């Protein structure tokens, strides 16, 4: 009998909260994702890590200090905070305005290139990441509290 067909399938979700300190910032959230996967008891499956924001991304990369600095500078060059953006012109913008609105078009443009989620395989109860791979919450706007949905689907 195929072991996958005889195993119980589960779906578990949790929203993790993180506090960012700067922008851009690559915050390694791998330990928190690993902890959640372990508590779920999934042997084989997949974990989705999803940012609940349009100015904070989820990416997999290497946690090496000089590389992180290079990636931060790369994002700043791609969509500099200082340029003129229609989204930041509150004299003409009328949609999705809030009392705490700030000029953040650069963050939305950077997010457009990075994306909101990553899916990581789970094998033998552990994240199946390469030797140097880590999961990052990437702050693109300003320091604040961020929400990340972690959802595990798999066999126990």
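Residues that are in contact with a strand residue (DSSP E or B) (Cβ under 9 Å, 6 or more places away or on another chain) and more than 14 Å from residue 47 (Cα to Cα) do not occur anywhere in region 82-99.
If the condition is being more than 16 Å from the chain's Cα centre (by Cα) and either farther than 30 Å from residue 112 by Cα or surrounded by fewer than 18 Cβ atoms within 10 Å (Cβ to Cβ) (or both), then region 36-56 contributes 38, 39, 40, 41, 42, 43, 44. On the stretch given as region 127-141, residues that are loosely packed, with under 14 Cβ neighbours inside 10 Å and farther than 19 Å from residue 69 by Cβ total 3.
Only the coordinates and a few stated rules stand behind these numbers; no lab work does. The model shown is predicted, which means the values in this text are computed figures rather than measured ones. Cβ sites come from the backbone with ideal geometry, for glycine too, and all protein chains shown count toward neighbours.
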